[in-house]
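Participant: Questions regarding the structure given below will be posed in turn.
The values are calculated or read from the model by the stated rules, or taken from the named source; none is laboratory data. All figures in this text were calculated on a predicted structure; none of them were measured in a lab. Please note: Cβ atoms are built from the backbone with ideal geometry, for glycine as well, and neighbour counts cover all protein chains shown. Heavy atoms of the whole protein, side chains included, go into the accessibility calculation; ligands, DNA and RNA do not. Shrake-Rupley method; radii C 1.70, N 1.55, O 1.52, S 1.80 Å.
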Protein chains: 2
Amino acid sequence: MTTDTRPKTAIVQGRLGGQRITVAGVAKGSGMIAPSMATMLVFVTTDAAIAASALHRILRTAADTTFNAITVDGDTSTSDTLIVLASGAAANRTITGGTDAQKLGGLLEEVCGALAEAIVRDGEGATKLVRVTVGGARSDAEARLAARSIAESPLFKCAVHGGDPNWGRILAAAGRSQARVDQDRASCKLGGVTVMRRGASCRFDLAAAQKYMAGSEISVELDLHLGSGRYTVLTCDLSREYIAINADYHT
Amino acid sequence: MTTDTRPKTAIVQGRLGGQRITVAGVAKGSGMIAPSMATMLVFVTTDAAIAASALHRILRTAADTTFNAITVDGDTSTSDTLIVLASGAAANRTITGGTDAQKLGGLLEEVCGALAEAIVRDGEGATKLVRVTVGGARSDAEARLAARSIAESPLFKCAVHGGDPNWGRILAAAGRSQARVDQDRASCKLGGVTVMRRGASCRFDLAAAQKYMAGSEISVELDLHLGSGRYTVLTCDLSREYIAINADYHT
């Protein structure tokens, strides 16, 4: 089974020590899982010359904020694959670390980020791309726990699908995560407009918020006001079409 | 908002030291959460005479295998409530512990179990009651982690909704939990029929399995063959109606 509906490719270029470097990638995947079959497959290539250990290091870093920061339905796959191949054809001095590795890592992260976003956009039944950022957490790790809890909440995903500026479901999902949340300090923005402050509803333009929520790209920001931890998860809404794809499919 | 559609009550009786004891309960709740509003509310009454500390202890025990073992959508509520009131009108000798407390605890668990099951049956959009048991885990705690992961997997819940005997989604959901799982040892039964053994499909009557999965009560048992840990979670399927209820509802 595949429910992929769109080609997912990305390419970026940069310069390293006078040489033009290209990083390109291609991805497959739209549900996180379909047991016994390949699900998410990502192949990234570059012509940069780089030592295997340095390449492994920058790939892990890039994956952490891209492929490891997306969720369609919380159902992780048994067979996700991310492979990078570096040919060395660019003839730059072989990278072993330092600023050159950082620079190539930046290009790699750009390609991985674009592919990860494309996978979520093509998520099973997805009609909206949703960027969930949790800031002000006690640590990045806690921000991640809260952001994932929101991004995987069926109630939140249904609210997004229905275009409802429902900050209560956002705060509730963060509150039941393992992250420390003090509802009397938390504030929430939808598309840059503060809709909740210190755990209570703000005066905001409801019609404008609903119009924003009806769009195809939604940005949610929950600030916990407890520290400087921050993390962003990309997800999509939960629609009847997701049910159709996954209930009507038979082994 | 309430999407409760059925009354949920339970009553049991027993004898304690020559006195007839009655335990009765009533519950409200069908989605796990609707912020700012009361969601699950359970009130249990008994005419037994019992010390507050002993009552608290048996209530916690009863809740653990009943209300804390159900999930509709994984979205826990901010305001679930379970209250027990004991009037002492039965005029039994006041229970402070021991076998009498265990006996009353058994009656309490029976009432809580019946109400918990009624809540899941009335779950938002639910068309099936699903009993997910994980056995053979290294501990009860690990069995619980695996059982919850299965019961909260959107893919598994969609498969149940579609009547698909998809053991792959069951094993995958257990595998991504924090419980230790060795796929080469695990076996899975649907309604008592083994469909998977040592991580591979068995020869089984597919038509019979599909007919079973099309029913309104489904029992799934995953045996990890690693120990004696065991836990059962009650849940329901995930349907288009769930999306309709939660996407079309607006704050």
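Participant: Using Cα pairs closer than 8 Å and at least 6 residues apart in sequence, work out the relative contact order for segment A:72-156, in percent.
Facilitator: 27
Participant: While we're here: So, R0 is 35 Å and r is the distance between the beta-carbons of B:T194 and A:R240; what FRET efficiency does that work out to, to 0.05? The partial results should precede the final answer.
Facilitator: Working: r = 34 Å, r/R0 = 0.97.
The value I calculate is 0.55.
Participant: Taking 8 Å as the Cα distance limit and 6 or more residues as the minimum spacing, I'd like the relative contact order of chain A as a percentage. Working shown, then result.
Facilitator: Working: 557 pairs, mean separation 55.6, N = 251.
Relative contact order comes out at 22 percent.
Participant: Give, ordered by residue number, each residue of segment B:68-111 whose 1.4 Å probe accessible area is reduced by a minimum of 40 Å² on adding the remaining protein chains to the chain alone.
Facilitator: Flagged in segment B:68-111: B:D75.
Participant: Once Lys and Arg get +1 and Asp and Glu get -1 on their Cβ, which of B:L224, B:L107, B:V130 lies farthest toward the positive end of the dipole of chain B?
Facilitator: Highest projection toward the positive end goes to B:L224.
Participant: Using a Gaussian network model of chain B whose springs link C-alpha atoms within less than 10 Å, name the residue from B:L41, B:L190, B:L224 with the highest mean-square fluctuation.
Facilitator: Largest GNM mean-square fluctuation: B:L41.
Participant: Just how far, in whole angstrom, is segment B:172-200 from segment A:118-196 if you go by their alpha carbon centroids?
Facilitator: Comparing the Cα centres of segment A:118-196 and segment B:172-200, I get a distance of 32 Å.
Participant: Next up: Which value, in debye to the nearest 20, gives the size of the charge dipole of segment B:130-251 about its Cα centre, when Lys and Arg are +1 and Asp and Glu are -1 at the Cβ?
Facilitator: It comes to approximately 360 debye.
Participant: Strictly over 18 Å apart at the Cα level, which of B:K128/B:K157; A:K128/B:K157; A:K128/B:K128; A:K128/A:K157 would you flag in this model?
Facilitator: A:K128/B:K157; A:K128/B:K128
Participant: With viscosity set to 0.692 mPa s at 37 °C, what whole-number translational diffusion coefficient in µm²/s follows for segment A:160-207 from Stokes-Einstein and a Kirkwood radius over Cα pairs?
Facilitator: My calculation gives 290 µm²/s for D.
Participant: For a label point 7 angstrom out from the Cα of A:R20 toward its Cβ, which stretches of segment A:84-98 have the backbone nitrogen within less than 16 Å?
Facilitator: A:89-92
Participant: How large is ³J(HN,Hα) for each residue in segment A:160-176, as worked out from phi by the Karplus curve 6.51 cos²θ - 1.76 cosθ + 1.60 (θ = phi - 60°), to whole Hz, x for Gly and Pro?
Facilitator: Each residue's phi maps through the Karplus curve to give 4, 4, x, x, 9, x, 8, 5, x, 5, 5, 5, 5, 5, 5, x, 8 Hz.
Participant: At a Förster distance of 41 Å, what's the computed FRET efficiency of A:R185 paired with B:A52, Cβ-Cβ distance as r, to 0.05?
Facilitator: Values: r = 35 Å, r/R0 = 0.85.
Here the calculated transfer efficiency is 0.75.
Participant: Would you kindly give the portion of the calculated P(r) for the protein assembly as shown that falls above 40 Å, as a percent of all Cα pairs?
Facilitator: The answer is 30 percent, as a whole percent.
Participant: Bin by bin, in steps of 5 Å, what percent of the Cα pairs in segment A:89-151 do you find, going until the bin that has the longest distance?
Facilitator: 4, 14, 13, 15, 17, 16, 9, 8, 5, 0
Participant: Taking a point 7 Å out from Cα toward Cβ as the label site, list the nm distances between B:A141 and the same residue in every other copy, smallest first.
Facilitator: In ascending order, 1.7 nm.
Participant: Shifting gears a bit: Give me Rg/Rg_expected for chain A, where Rg uses Cα atoms only and Rg_expected = 2.2 N^0.38 Å with N residues.
Facilitator: That ratio works out to 1.10.
Participant: Treating only the Cβ of Lys, Arg, Asp and Glu as charged (+1, +1, -1, -1), what charge dipole size does segment A:203-251 show about its Cα centre? Round to the nearest 20 debye. Show your work: numbers first, answer last.
Facilitator: Values: 4 positive and 7 negative charges, 28 e Å.
Its charge dipole is roughly 140 debye.
Participant: Now for a different question. Roughly what would the spin-label model give for B:T65 and B:A141, points 7 Å off Cα along C-beta, in nm?
Facilitator: Placing both labels 7 Å along Cα→Cβ, they lie 2.0 nm apart.
Participant: Sticking with this one: What gaps in nm, shortest first, separate B:Q13 from its twins in the other copies when you place the label 7 Å past Cα toward the beta carbon?
Facilitator: Label-point separations across copies, in nm and ascending: 8.7.
Participant: Can you give me the % of accessible surface on chain A that is carbon or sulfur? Probe 1.4 Å, all protein chains present, nothing else counted.
Facilitator: Details: 5350 of 10760 Å².
About 50 percent, which is the carbon plus sulfur part of the accessible surface.
Participant: With both bridge residues required to lie in the protein assembly as shown, what share of the DSSP beta bridges run antiparallel, to the nearest 5%?
Facilitator: Bridges in the protein assembly as shown that DSSP calls antiparallel: roughly 65 percent.
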